Amino acid sequence: MAKPLVTAGGGYPAILYTLKKGLQTGHPVDFWRRMRSRNACKTCALGMGGQRGGMVNEAGHFPEFCKKSIQATAGDMGGVITEEFLAKTPLHEMRFYTSAQFEKLGRLTFPIIAGPEDTHYRRASWDEVIDRTVEAFSNTTPDRAFFYASGRSSNEAAFLLQLMARAYGSANIHNCSYYCHQASGVALTGIYGSGTSSVSLEDLAQADLALVAGANPASNHPRLITQLVDLRARGGKVIIVNPLRELGLERFRVPSKAKSMLFGSQVSDLYLQPHIGSDVALAKALLKGVIEADALDRVFIDEHTSGFDEVLADVQAATWHDLTEACGVPREQIDEAVRLLVEAKRGIFLWAMGLTHHVNGVENITALANVALARGWLGKPGCGLLPIRGHSNVQGVGSVGVTPALKEAFATALEA
C-alpha cells in the first residue's frame, strides 16, 4: 500500500529553506542582524515583536518567525535593477516574466517610464515624473481617479495618500482589504461597531477552543500553527473547517519545538469539510446543536445582544435534513463539533478568504459570529472573533483613513 512521503507540514524542509535563503543573500551575518532588528515583519498580520526586536512575538517569546518573513527579508537584501538591464531587456520579453523572476531582479531605486511607442523602459528624473503625475491629475476629474494603498504600506505613507486624494476631491480610496477582508469589516462593524479583531495574542494563549474556518495558516500564517499546537497542549481543542484537506492543518512539525520536530504535532481535533459556499448552513447547524444542547449563554445574550430571538427562530425553523444536505457535513461530525463547542469555556473563531470571498461573505461571517455570541464568547479574555489578515499593516492603513467613507470622529479631527 502506497504511503505519502510527507506526513506533516513544517519541519526540516522549513529549516533548510531558511538556511538556503539566508545564504543566498551572500551576507548571512547581515541577514541575521536584520532579522533580529527592531522592525515589523512584512508578511502576514500575525507580526513579530516590533520594538521588542525581530524573531520574537509581541510577548517577547523567542524564536518566532517563519519562512514568509525569511523570504521577505532576503528579498529586501537583493540587488537593484540597473539602467543596463532596462536597456537590454525589451518590454515584450518582460511580458513573460513571472512574479518570482521580477522579484529576483531586485528593487527599483529610481523612477522608470515607457511611452506608447517605446520598446524599453528608461530611467526618468523625479522632475519628469512629478510633472507627468500633475498633468495626469489635471487631465482627469476626481470621480474618475482611484487611490490604492498596499496592506504593507506604513501608516504615515497611507495617511498622506488618503489626505492627498481627499484634497483632490476623490473618495475612491481603497486598500487591499477591499479585495480580501471587506466582508469581515462590514460584518464585524454591524456586530460590534468596528471592523477590527476583538482578540489579542494574550487571548489566544487563554482560549481552550479555536475554530478555524476558510483559512490555511500552515501555509499563509505559519506562526499561528504554533498557537494552535500550544492550545492543544493545554488540553484545548481545535476545529478546522475547510473543504480541502490540508496536511499542515492536520499535523505540523513546529521548528522551534524539539519534540514537535521529532514526532510532529497534531493540529486539529476535528476536521469538517463542507460544500464550497455552504458556510451559512454549517454555522446554522452548529447553532441549532448548541440550542438543543441547552448551552446558550442566556445572560450574555439578554444583556449584550439585540435581535437574537429572530436569529434563534430562523435557525429552529430549519430542519436537520435541510442543513446537513446543504452543507454536506455528516450529522455525526456536526454533533461532535457541537460537543466541543459546548464543553469549551473560552473560544475564538478565526477565518480568512475561504469565508469572505463569496457573494454572501458578510452573511458567512455574521452566521459564524452568531455561534460565538450564543456561547457568550465576545468581550471576555480568551474569547472573540479573529479575521486572519494577510498583510502586515492592512489594519493600520484602514485605521488611518484609507477608506471611502471616514468615521465621523476621524473626519471631524481631520478637518479641525
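For this structure, a couple of remarks:
- Any pair with Cβ under 8 angstrom, 6 or more apart, that starts in the stretch 194-214 at a residue that is within 13 Å of residue 372 (Cα to Cα) and ends at one that is among the aromatic types (Phe, Trp, Tyr) and in a helix (DSSP H, G or I): 198/192
- Residue count for the stretch 299-308 satisfying the condition of being in contact with a helix residue (DSSP H, G or I) (Cβ under 9 Å, 6 or more places away or on another chain) and of a type outside the set (Phe, Trp, Tyr): 4.
- Filtering the stretch 41-91 to residues that are under 30 Å from residue 124 (Cβ atoms), at pLDDT below 80 and more than 19 Å from the chain's Cα centre (by Cα) leaves nothing.
- Being in the same structural domain as residue 237 (by TED's automatic domain parsing), modelled with pLDDT of 95 or more and under 24 Å from residue 235 (Cβ atoms) is a property that residue 310 lacks.
- The stretch 66-78 - residue that is within 10 Å of residue 18 (Cα to Cα) and touching a residue at least 40 places away in the same chain (Cβ under 8 Å) and, of those, surrounded by the most Cβ atoms within 10 Å (Cβ to Cβ): 66
- Residue match in the stretch 244-259 (condition: within 18 Å of the chain's Cα centre (by Cα) and buried (at least 23 other Cβ atoms within 10 Å of the Cβ)): yes
- Qualifying residue in the stretch 312-323 (condition: surrounded by 18 or more Cβ atoms within 10 Å (Cβ to Cβ) and within 18 Å of residue 270 (Cβ to Cβ)): yes
- A count restricted to the stretch 351-379 and to residues that are touching a Phe, Trp or Tyr at 6+ places or on another chain (Cβ under 9 Å) and assigned to a helix (DSSP H, G or I) stands at 9.
- Qualifying positions in the stretch 380-401 - in contact with a Phe, Trp or Tyr (Cβ under 8 Å, 6 or more places away or on another chain) and either in a loop (DSSP other than H, G, I, E, B) or on the phi > 0 side of the Ramachandran plot (or both): 383, 384, 388, 400, 401
The values are calculated or read from the model by the stated rules, or taken from the named source; none is laboratory data. Here the structure is a predicted model, which is why all the values come from computation and not from measurement. Backbone-built Cβ (ideal geometry, glycine too); neighbour counts: all protein chains shown.
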